[in-house]
Amino acid sequence: MTDDAESGQPDPRRWRGLVIISLAVSIIIADATIVNVSLPTIIKDLSITTADAEWVTSVYSLVFAALLITVGRLGDVYGRRRLLLIGIVVFVVASVGCAVSQTGGQLITGRVIQGIGGAMLLPSTLSTLNATFSGRDRSIAFAVWGSTIGGMAAVGPLLGGWLTTSYSWRWAFGINVGLGAVIIAGLLAWVQESKEEQTRRGLDLPGTLLSVVGLGGVVFALIEGQRYGWWDAKKFAADDLGWDFGLSPVVPAALAGTLALLVFGLVEWRRQKTGKVVLLDLSLFAIPSFRNGNFAAMIVSLGEFGLLFGIPLFLQNILGLSAVRTGVVLLALALGSFLSAPMAPQLTSRFGARFVVRIGLFLEILGVLGFALSVGVEISVWRFVPWLLLYGVGVGFATAQLTGVILADVPVSKSGQASGTQSTSRQIGSAFGVAITGAILVAALSGAATDRLESAGVPEPARTALVEASTSSAGASIALLRAQDENSPAVLALENAYTDAMRQVGFAAAGFLTLGLLASLALGRGHDTSHAGHDTSRSR
């Protein structure tokens, strides 16, 4: 740390450092959503399936979630800025790999490595802010951090749409090279190193392995259930995996994942009881605001990111928007988030962080329900904009203040691990959200398409083929059929079926957000984060 920081005086460069840290958050959050708007083009270009497309989006969040706690602790021990620098290098290299991918497998591999780099970045940004700022300044820094997450979740699709339409979807990843260079320069110039000398060194390898296996098994089951069968194995299991058993591979994956997570909890409890280094510090969950806040954050992220998976597909495949126009529509969400961000600290000072969180979640629910009730084949796309704007305002209120609530009573010496834990909760929610949303979309589309095609008089063999093509391509085949004959009864039936399915996705997202709102009631009154006065002692 600088002499000013060590003498108790705030580092005057901390606000410029906040800009760089926000940019680092931007690049990883944008890449969590930038792919969504490019998915229809990627599906066509690389000839990938719906399941592959879901993995392209969800594997990033899955790897993120599996590693966040581990790397968050590494930042506390070895230096938060050091981990930020390593993370941005890994992230940029992986982005180049994604940009030059020629197959779905290569792209998914690149996304896995991106998730590793992103996992190094996210908890380090938050723990750095927690160690650098205090009191009202910390509340402002958290507000900037949170609004950046909410805003970039929507700016990502706009950026991806522009790059996909004007250049290529590959530039949605290639742009990270220039941004990464700016972040590295800014980190070296304005962000000072911080770490905790008292934190024990070492790794929890059993815990890390069990968490990866557990989360991987459960999310695999959620994503691949439609393709390989929820119980009885479908033919794709043999074609893709060489699985020749009658039982679907989804069943053992789900059981293994669930068992691994249960064993993970036991292992962490025993290691902590015997004084060993643990991946997850269970004592943190003795703090009510931390425990309840993490649960609320996971449920909220499940609803937020699940919806963002489905909206771009609907706008492009059914309403016929280009990738860039889709991004423009979703910009309303970012605008709402950025508009509400400056108001959040003031409302927090007057009414408390928990009140602002609940108001934000309530506005999110209204926005999602408005969107779900508005979807239609012939509707003007601008009917969605007010609802997305309202949704964005809610995100801007809820995200940052929920983070402040979660970390309010956590000692700074454990801020890296706590930041990683709360980020893990969010990423688990987003990974499950994409998986569950994909499952709901495919199941609802399959049922609605079957019924509507039958009502339209489409014979059974053709009906089966059309349903299979629509569900496996996430609706991309509908756009191709419309280009051939937009007035075909089959096309009209499929478009209305997709609209029905998208409405179900919207209702599901609103349901998850409602659960998050109910969970926020358990946060209680707790600590006033706008006047947080944590111990900010830290060492070189």
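The values are calculated or read from the model by the stated rules, or taken from the named source; none is laboratory data. Bear in mind the structure is a predicted one, so any value in this text is a computation, not a measurement. Cβ coordinates were reconstructed from backbone atoms using ideal geometry, including for glycine residues, and neighbour counts include every protein chain displayed. Keep in mind that these areas ignore ligands, DNA and RNA; they rest on the heavy atoms of the full protein, side chains included. Shrake-Rupley method; radii C 1.70, N 1.55, O 1.52, S 1.80 Å.
Computed 3J(HN,Hα) for the range 288-296, one whole-Hz value per residue from the Karplus formula 6.51 cos²θ - 1.76 cosθ + 1.60 where θ = phi - 60°, is x, 5, 5, 5, 5, x, 5, 4, 4, glycine and proline marked x. Show the residues, 5+ positions off or on another chain, whose built amide H is closer than 5 Å to the amide H of Leu247. Residues meeting the criterion, in which the H sits 1.01 Å from N, are Ala233. Against the chain, whose longest principal axis is taken from its Cα atoms, helix 323-340 shows a tilt of about 40°. The C-alpha atoms of the chain define a longest principal axis, and helix 415-455 lies at about 10 degrees to it.
Based on protein heavy atoms only, the chain ends up with 37 Å² per residue of surface accessible to a 1.4 Å probe. On the protein heavy atoms, probe 1.4 angstrom, tell me the percent of accessible surface of the chain carried by carbon and sulfur. Accessible surface attributable to carbon and sulfur in the chain totals 65 percent.
If you take every residue apart from Gly207 with its C-beta less than 13 Å away from the C-beta of Gly207, what net charge results, scoring Lys and Arg +1 and Asp and Glu -1? Display every interim value, and only then the final one.
Values: positive: Arg73, Arg270, Arg271, Lys276; negative: Asp204, Glu268, Asp281.
Result for the local shell: +1.
Distance from the Cα centroid of the range 260-314 to that of the range 442-492 is 40 Å (rounded to whole angstrom).
Express the C-alpha Rg of the range 353-448 as a ratio against the empirical globular expectation 2.2 N^0.38 Å, rounded to two decimals. Display every interim value, and only then the final one.
On the way: Rg = 17.1 Å, N = 96, 2.2 N^0.38 = 12.5 Å.
Relative to the rule-of-thumb radius for its length, the range 353-448 sits at 1.38.
In the chain, the calculated helix contribution to ellipticity at 222 nm averages -27000 deg cm²/dmol per residue, counting -39,500 (n - 2.57) for every DSSP H run with n ≥ 4. Once the chain from Ser488 to Leu261 is taken as fully extended at 0.36 nm per residue, the excess over their C-alpha distance is 76.8 nm.
Under the simplified labelling scheme, the Trp382-Trp15 pair shows an inter-label distance of 3.9 nm, with each label point 7 Å from Cα along Cα→Cβ. Compared with the dominant principal axis of the Cα atoms in the chain, helix 135-166 is inclined by about 30°. Distance between the 7 Å Cα→Cβ label points at Thr208 and Ser166: 4.1 nm. Taking Lys and Arg as +1 and Asp and Glu as -1, the other residues whose beta-carbon sits under 15 Å from that of Pro461 total -2.
Judged by the mean number of other Cβ atoms found within 10 Å, the most tightly packed of the peptides 78-89, 273-284 leads the ranking 78-89, 273-284.
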